[in-house]
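Structure first, commentary second.
The values are calculated or read from the model by the stated rules, or taken from the named source; none is laboratory data. Keep in mind that this is a model prediction, so the values were computed, not measured. When we count neighbours, we look across all protein chains shown, and the Cβ atoms used for this are built from the backbone with ideal geometry, even at glycine. Protein only, heavy atoms only, side chains kept; ligands, DNA and RNA dropped before computing areas. Shrake-Rupley method; radii C 1.70, N 1.55, O 1.52, S 1.80 Å.
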Amino acid sequence: MAALHRRADERESASELDINPVYFREESRVIPRYRLPENGVLPRTALQVVRDELILDGNARLNLATFVTTWMEPEAELLMADCSAKNMIDKDEYPQTAELERRCVNILGSLWHAAHGDAVGCSTTGSSEACMLGGMALLWRWRARRRAAGRDASAPNLVMGSNVQVCWEKFCRYWEVEPRYVPMVPGRYHLGAAEATALCDENTIGVVAILGSTMDGSYEPVAEISAGLDALAAGGGPDVPVHVDGASGGFIAPFLQPDLEWDFRVPRVASINTSGHKYGLVYPGVGWIVWRDAAALPEDLIFRVNYLGGEMPTFALNFSRPGAQVAAQYYNFIRLGHSGYQHVQQTCQDIAMYLSGEIAKIGPFELLTDGSDLPVFAFKLSDSVKEYSVFDLSERLRMRGWQVPAYTFPADLQDMAVMRIVVRNGFSMDLANLLLDDLRLHIRVLERNPQRQPPPEIQAIRRSFAH
């Protein structure tokens, strides 16, 4: 099995970093790459050495693959620097940071139509951890129901589309829950109500509905899925709750599709997660989860610790983490308000729909989505194009710095390769037009210079980062 980080082989590159004399104000020396140096260097020297290596990274603003925030206001960056040393978990030492977290949870609860009062939820390191916590609550509640009824609780399963983010696969593997995937079919690229309901049985701990698939940016029909489960329960079947993975859509739908019922207005929705560092507009490191009420979060999942100076409850997979991102989330809430968030998200969607419309006109492309749900859309080459693939096009766009992912869809559409564009705050209409110019240019180049394609078995696994 491949290791996450393989052992360094010093033969692959020079084993020592040679310091430019211009940077250095001490006696000349070299720094080993894979061993701790015997002695340190001046701060400015260390800064320059690391910066020199990092210039090989891609330009974050041109990364159209990631959903993660790549731009914040200078004032927010200053605030994050002020709070980076604060340990978020130490609520006794940093009570006001804890208060900001509580306010954020209540703001999200209000945004998602939770019952009035103190919302039940917490911050996390990202939406992936929030998904884990939501899944654990579903699992614990299912076990409690089964044991109270004197039934076996050893074979839980979770129903979801094959388009789920990898965190749900991790949850199922780590907590020994059977994943029941609904495969995709042409014309249906996410979970449908009938397909979800058909896979549920008495061992189903819940159904995961995604508000904004990473594959194509489309919303799964939460209300329809819930109605299907209502009918299943009314017919004597199991009473299955829904968790909404709103990693991206949780910060989009309330502002762009306020009449869409996907949140706690839907009675079967037990919990919702979102990512503060996606369309919540905060730099990486913060997610959120809110439960419908206290009954939806089993009490025995909450730990109370007192060795940080006072007794405090905690429910998280991580323990220590900086308070900077929580402070930045609250900054965004009061800085932008409802109208500000709406303006930012609407601008992103306007640009996404403009881009998708222009790309559809270029000729060889077919849109799967157009950005009318999330400001995200996916497109593929027409079946008649044989001279090159989306992978060739993706690689050529990288020559100009654009990171536009190409990837294949999951079961049962593994033979369909697509490209996807994520429009985030900071990606302007001017950048969109520059991207279109480069896209047209490289299409012409590829049409005049057909690419020799790898064998089918290689083509099937050829992909770039999709999430």
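On the given criteria, is Val182 within 24 Å of Ala417 (Cα to Cα) and in contact with a helix residue (DSSP H, G or I) (Cβ under 8 Å, 6 or more places away or on another chain)? Spelling it out, Val182 is indeed within 24 Å of Ala417 (Cα to Cα) and in contact with a helix residue (DSSP H, G or I) (Cβ under 8 Å, 6 or more places away or on another chain). A count restricted to region 361-381 and to residues that are assigned to a loop (DSSP other than H, G, I, E, B), open to solvent by 20 Å² or more (accessible area, probe 1.4 Å) and not charged (D, E, K, R) stands at 4. Examine region 117-130 for a residue that is in a helix (DSSP H, G or I), over 18 Å from Pro267 (Cβ atoms) and open to solvent by 20 Å² or more (accessible area, probe 1.4 Å), and state whether such a residue exists. Yes; the residues of region 117-130 include at least one that is in a helix (DSSP H, G or I), over 18 Å from Pro267 (Cβ atoms) and open to solvent by 20 Å² or more (accessible area, probe 1.4 Å). Taken as a whole, region 302-320 holds no residue that is in contact (Cβ under 8 Å) with a residue 12 or more places away in the chain, more than 21 Å from the chain's Cα centre (by Cα) and part of a helix (DSSP H, G or I). Please tell me if Ser320 is among the polar types (S, T, N, Q), within 30 Å of Trp71 (Cβ to Cβ) and at pLDDT below 95. It is true that Ser320 is among the polar types (S, T, N, Q), within 30 Å of Trp71 (Cβ to Cβ) and at pLDDT below 95. One residue stands out among those in region 71-108 that are in contact with a strand residue (DSSP E or B) (Cβ under 6 Å, 6 or more places away or on another chain) and open to solvent by 40 Å² or more (accessible area, probe 1.4 Å): the one that is farthest from Ser123 (Cα to Cα), which is Ser84. Here region 231-279 is the region considered, the condition is being open to solvent by 10 Å² or more (accessible area, probe 1.4 Å), in contact with a helix residue (DSSP H, G or I) (Cβ under 6 Å, 6 or more places away or on another chain) and free of Cβ contacts under 8 Å to residues at least 40 places away in the same chain, and the residue that is nearest to Arg143 (Cα to Cα) is Asp239.
When you look at Leu441, is it assigned to a helix (DSSP H, G or I) and crowded, with 18+ Cβ neighbours inside 10 Å, yes or no?
No; evaluated as a whole, the condition is false for this residue.
From Tyr407, Tyr331, which residue is open to solvent by 30 Å² or more (accessible area, probe 1.4 Å) and in contact (Cβ under 8 Å) with a residue 12 or more places away in the chain?
Just a single option satisfies the conditions, and that option is Tyr331.
Examine region 341-360 for a residue that is polar (S, T, N, Q), part of a loop (DSSP other than H, G, I, E, B) and farther than 26 Å from Thr125 by Cα, and state whether such a residue exists.
There is no residue in region 341-360 that is polar (S, T, N, Q), part of a loop (DSSP other than H, G, I, E, B) and farther than 26 Å from Thr125 by Cα.
The C-beta contact set for region 418-437 (first residue farther than 24 Å from Pro284 by Cβ, second residue part of a strand (DSSP E or B), distance under 6 angstrom, 6+ apart or interchain) comprises Val418/Ala378; Val418/Lys380. Restricted to region 133-230, the set of strands (runs of 3 or more DSSP E) holding at least 1 residues that are surrounded by fewer than 24 Cβ atoms within 10 Å (Cβ to Cβ) and basic (Lys, Arg) comprises 178-182. Suppose the filter is farther than 23 Å from Trp142 by Cβ, open to solvent by 20 Å² or more (accessible area, probe 1.4 Å) and modelled with pLDDT under 90; does Gly285 pass it? For Gly285, the condition - farther than 23 Å from Trp142 by Cβ, open to solvent by 20 Å² or more (accessible area, probe 1.4 Å) and modelled with pLDDT under 90 - is not met.
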